[in-house]
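Here the structure is laid out as structure tokens; the discussion comes afterwards.
The values are calculated or read from the model by the stated rules, or taken from the named source; none is laboratory data. Bear in mind the structure is a predicted one, so any value in this text is a computation, not a measurement. Positions of Cβ are backbone-derived with ideal geometry, glycine not excepted, and every protein chain shown enters the neighbour counts.
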Amino acid sequence: MSGRGEMVEVSLLELAHARSGDKGDTANVGLIVYDEEDYDIIVKQVTPEQVKHHFKDMIRGEVERFRLDNLCAVNFLLHGALDGGGTVSLKTDAQGKVLSTALLRMKVEVPREVAGRVRGRGRLPTGTAGEGG
């Protein structure tokens, strides 16, 4: 697109924070932007299809998205994500608590000036336990 400048990739982690939970075999992931001006980026690029692709074969069912425009947030239902749910699943994370963190690792394209503004937000792992420091 002309006039928009160069596009670069950033992790969702730099644009938003997230929460997740569960109900049976469905995980619920809410994604809330830090700045209202970035909400349109999320709406356009973080689609149900892109979320399903991001999680690959971890999500066996449909991915639904609900816009919460008044909160500058989106909520996803990830059907078939929990191997039956917390009471029957043998998964380590049978309640989907880490799915929000996994979604925040998804990359989106933003104009370079947006990337400069949001760079360094969120918390990325810097090393493993026991490393010097």
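The table that follows gives values for the structure above.
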| item | result |
| --- | --- |
| Residue match in region 101-123 (condition: within 22 Å of ASP25 (Cβ to Cβ), modelled with pLDDT under 90 and out of contact with any Ser or Thr (no Cβ under 7 Å at 6 or more places or on another chain)) | yes |
| Residue selected from region 34-71 under the condition among the acidic types (Asp, Glu), more than 14 Å from the chain's Cα centre (by Cα) and more than 25 Å from ALA115 (Cα to Cα), by the criterion modelled with the lowest pLDDT | ASP57 |
| Answer residue from region 8-59, given it is basic (Lys, Arg) and under 16 Å from SER100 (Cα atoms) and is surrounded by the fewest Cβ atoms within 10 Å (Cβ to Cβ) among those | LYS56 |
| Residues (closer than 12 Å to LEU77 by Cα and among the β-branched types (Val, Ile, Thr)) located in region 18-41 | THR26, VAL29 |
| Residues (out of contact with any helix residue (DSSP H, G or I) (no Cβ under 8 Å at 6 or more places or on another chain), in a helix (DSSP H, G or I) and farther than 16 Å from ALA81 by Cβ) located in region 34-55 | GLU36, GLU37, ASP40, VAL43, LYS44, GLN45 |
| Exclusive hit being assigned to a helix (DSSP H, G or I) and modelled with pLDDT of 90 or more, set LEU31, LEU77, LEU13 | LEU13 |
